[in-house]
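Asks: Quick one: structure below, then a few questions.
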Amino acid sequence: MTRLSDETQLGAKGNSPSGGLPTDEPMFILRASDPLSGMLVRFWANANEKRLQQSNPRRLLEVRELAALMDQWRQRNSRAG
């Protein structure tokens, strides 16, 4: 498993979901257990692809990897009904 950059990891600073963000900034957290998480993260990457390719191509790759890791985690940890 590849280690994602601190910028890409959620809660990189002290495992806080806010990660040093302003406390009054609204945010939404997706967990790998959510069946839509990987798809939604890929959607975000695709929607921001042009901007990130120019400004931070490494982050684009890491976000796509994160989506795959979320899918893999959910598959490994899913409970058969």
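Asks: Could you give the length gained on full extension between residue 56 and residue 43, defined as 0.36 nm per residue of separation minus the Cα-Cα distance, in nm?
Replies: Length gained between residue 56 and residue 43: 3.0 nm.
Asks: When only DSSP loop residues count, what GluC sites (Glu not before Pro) in the stretch 40-72 have their Cβ near at most 16 other Cβ atoms within 10 Å?
Replies: Qualifying residues, ordered by number: none.
Asks: Simple spin-label model, 7 Å along Cα-to-Cβ: residue 69 to residue 24 in nm?
Replies: Output for this residue pair reads 3.3 nm.
All of the numbers you see were taken from the coordinates with simple rules; none came from a lab. This is a predicted model, so every value here is computed, not measured. Glycine gets a Cβ as well: all are built from the backbone with ideal geometry, and neighbour counts include every protein chain shown.
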